[in-house]
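> Here you go, one structure.
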Amino acid sequence: MKHIPAMVLLLILFSTVVPAQQSRLTLQDAVDIALKNNPEMIRVQQKVQQKEYEDLAAWGNFLPKIDITASYTHLNDPIMIDLDPIRQAMITLQAKNMTEFANVYQLMKTGTQLTDQQRAALYQQNFGGLDKSLPLFVSQVKKQDYKTATITGIQPLFTGGKLLGAKSYASNELDAALIEKSKSENEIRRDVVKNYLTIVMLQQVIRVRQEVLEGMNRHESRARRMMEEGLIANHQYLRARVAVAEAEKNLSNDTRQLDLAYEAFRTVLGTTEMVTIQDSIPVPEGLQAAEHYLTSAKEFQPILAMIKIKKDEADDKITLERSKLMPTIALFGKYELYPEYLSMIEPRWAVGVQASLNIFNGFKDYAGLQSASYLKKEVEAMEMDAESKIMLLVRKHYTDAANYQEQFLKSNEIVELSKENVRLNEKLFETGIGTSLELVDSRLLLEKHMLEQLSAQHSFYMSRAELEFASGILQGFIKQWNAKQ
């Protein structure tokens, strides 16, 4: 038993330290944390970086493509050129000519020709001499082992719009990724706002439940004394005790709902740190004309912006498909780094212009162009459908917000009348004129009207948040909310 005070002291210290470790967040603080930690934001940021590099890569299509290739080759035999038949024909022709010249000279000198035997012998002599004097007509074109290193370059001159279409498509993909990032940011803001408003509403509900429970406890205490004094019947006291039990049950249920709401809130924030919110739902206000939200939706709604990007991409696809029907023209050049290994028929460098045009491929290019045209029409129809649905969504949330604002204003008088009804029933009960049942019912009626008022407040701001989310201007809602704090 002597350790009990120490244990109590430790419990008190622990209970005072733990809340100090919790972070108190404003709505803007919560949004900033969620935008930093939420896994969805991390995903879209990575996608944006991916599309930035793809856009950069698309610029490279306009620049020359330069490659260097190197190889080492071993052949089964060297590549040779053997022109011996030509050599033999030349020797034969020359030997015959020399023999005939000798025969003519003999005729002019002696008046007699050489005999066949003399001419044959002289021919063989001349043929042998020429065969020895002329080199062999055999040349090595390629060594058995050789290496190559070649620099080649290609510069596109005309591609029928293919390069421009590819660059435009890459830029549109980057814009689409940025819009998707903005869309994800708005969705995270909306989730934060909804969870934040739910927590604030539940905290105010709990305060109402606590006030009701305190009132029921006071009434139960007075009813017990009056029953003990014989001023009221036992069943009236029992009704008071039942009311206390119901109030405790309602308070306990809402407290657990608040714990669950905090858990969902931390999940949206992407953190496990314990956080607290100290805020209240203000009087419903700040609703502008419906045209303001409709105009904002057309201008800032990310979904409509993404569809516009898809329309541009459909145009790019038409350009790409049309380019397949046009010729491709490019400059080219090559330079050999090991000229000593080149054959006598291979140049060290070369430049030129090349053009290519597909003549027939089974009508695939034509079919692709027609498909791209219908894709554009599909996206245009999608844009019309999405715009009409978003406009309808904006009008719905605007109507809901206006209705909840009107409900709140009408509930003010009802709540005040309910409070006055409680005061009157308390006086009547204390004087013995009223019954415990009437007083309990008046308190329960006040609780009902106060909760309905809170519900109208909460529903107004939830609808307004959805309205500004659909209009693409939810950040303005957050700034206005923080401005009141």
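The values are calculated or read from the model by the stated rules, or taken from the named source; none is laboratory data. Computed from a prediction, not measured in an experiment: that's the story for all the values here. Every residue, glycine as well, gets a Cβ built from its backbone with ideal geometry; the counts of neighbours run over all protein chains shown. Just so you know, the surface numbers come from the protein's heavy atoms only, side chains and all, with ligands and any DNA or RNA stripped out. Shrake-Rupley method; radii C 1.70, N 1.55, O 1.52, S 1.80 Å.
> With every protein chain present, what is the per residue accessible area of the chain (1.4 Å probe, Å²)?
Counting only protein heavy atoms, the per-residue value for the chain is 60 Å².
> Hey, another quick one. If I model a spin label at residue 264 and residue 89 as a point 7 Å from the Cα along the Cα→Cβ vector, what separation in nanometres do I get?
About 9.9 nm separates the two model spin labels.
> Output the antiparallel fraction of DSSP beta bridges having both residues in the chain, as a percent to the nearest 5.
95
> How high is the FRET efficiency from residue 445 to residue 66, r the C-beta distance, R0 56 Å, rounded to 0.05?
0.05
> If I model a spin label at residue 420 and residue 332 as a point 7 Å from the Cα along the Cα→Cβ vector, what separation in nanometres do I get?
In this crude label model, residue 420 to residue 332 measures out at 9.7 nm.
> Quick check on packing: order 383-396, 460-473 by the mean number of other C-beta atoms within 10 Å, highest mean leading.
Result, highest mean Cβ count within 10 Å first: 460-473, 383-396.
> If you count, for each residue, the other Cβ atoms within 10 Å and average over each peptide, how do 201-213, 271-283, 131-143 line up from highest to lowest?
Highest mean packing first, the order is 201-213, 271-283, 131-143.
> OK, next. Can you give the angle from 0 to 90° between the axis of helix 4-20 and the longest principal axis of the chain, with both taken from C-alpha atoms, to the nearest 10?
It works out to around 50 degrees.
> Let me ask something additional. Of 451, 375, which has the most accessible area with a 1.4 Å probe, and how do the rest follow in descending order?
Largest to smallest exposure gives the sequence 375, 451.
> Taking all protein chains in place and a 1.4 Å probe, what share, in percent, of the accessible surface of the chain do carbon and sulfur account for?
59
> Okay, next question. Near residue 305, within a Cβ-to-Cβ distance under 12 Å, what is the net charge of the other residues, with Lys and Arg +1 and Asp and Glu -1?
0
> In what sequence, largest accessible area first, do 226, 98 appear using a 1.4 Å probe?
From most exposed to least exposed: 98, 226.
> Just subtract the alpha-carbon distance of residue 120 and residue 353 from 0.36 nm times their residue separation and send over the number in nm, one decimal.
Result for the pair: 77.9 nm of gain on full extension.
> Going 7 Å from the Cα of residue 148 in the Cα-to-Cβ direction, what parts of region 339-353 have a backbone nitrogen less than 15 Å from that spot?
339-350
> If you find the alpha carbon centre of region 301-369 and of region 82-155, how far apart are they in angstrom?
54
> Further question: If you take the beta carbon distance between residue 52 and residue 396 as r and set R0 to 51 Å, what does 1/(1 + (r/R0)^6) give as a FRET efficiency, to the nearest 0.05?
For residue 52 and residue 396, the calculated efficiency is 0.85.
> Check cross-link reach from residue 484 to the lysines: straight Cα distance under 29 Å, and skip same-chain residues fewer than eight apart.
Hits, sequence-local ones excluded: 36, 181, 183, 194, 298, 396, 410, 419, 448.
> Another question, if that's okay. Which loop-located chymotrypsin sites (Phe, Trp or Tyr not before Pro) does region 350-456 contain, where loop means any DSSP state but H, G, I, E or B and the Cβ has at most 10 other Cβ atoms within 10 Å?
Listed in order of number, the matching sites are 360, 363.
> Modelling each spin label as a point 7 Å along the Cα-to-Cβ direction, I'd like the residue 427/residue 104 distance in nm, to one decimal.
16.0
> Quote the charge dipole size of region 288-344 about the Cα centre in Debye, to the nearest 20; the model charges only the Cβ of Lys and Arg (+1) and of Asp and Glu (-1).
Here the size comes out at about 220 debye.
> As an exercise, use a Förster radius of 35 Å and the Cβ-Cβ distance of residue 248 and residue 412 to find the FRET efficiency, rounded to the nearest 0.05.
Between residue 248 and residue 412 the formula returns 0.75.
> Further question on the same structure: Where nothing but the Cβ of Lys and Arg (+1) and of Asp and Glu (-1) is charged, how large is the charge dipole of the chain around its Cα centre, in debye to the nearest 20?
Rounded to the nearest 20 debye, it is 880 debye.
> So how exposed is residue 167, as accessible area in Å² (1.4 Å probe, rounded to 10)?
20
> Please give the net charge around residue 411, taking every other residue with its beta carbon less than 14 angstrom from that of residue 411, where Lys and Arg add +1 and Asp and Glu add -1.
Charge balance in the 14 Å sphere: -2.
> Quick check: residue separation of residue 386 and residue 157 times 0.36 nm, minus the Cα distance between them. What number comes out in nm?
Taking 0.36 nm per residue and subtracting the Cα distance, the gain is 78.3 nm.
> So, by mean Cβ neighbours within 10 angstrom, what's the order for 77-84, 302-309, 190-197 with the highest one leading?
Top to bottom by mean Cβ count within 10 Å: 190-197, 302-309, 77-84.
> Which angle between 0 and 90 degrees, to the nearest 10, do you get for helix 116-133 versus the longest principal axis of the chain when only C-alpha atoms count?
40
> I need the phi-derived Karplus couplings for region 92-106: 6.51 cos²θ - 1.76 cosθ + 1.60, θ = phi - 60°, integer Hz, Gly and Pro marked x.
Once rounded to whole Hz, the list reads 4, 4, 5, 5, 5, 4, 5, 5, 5, 4, 5, 5, 5, 4, 5.
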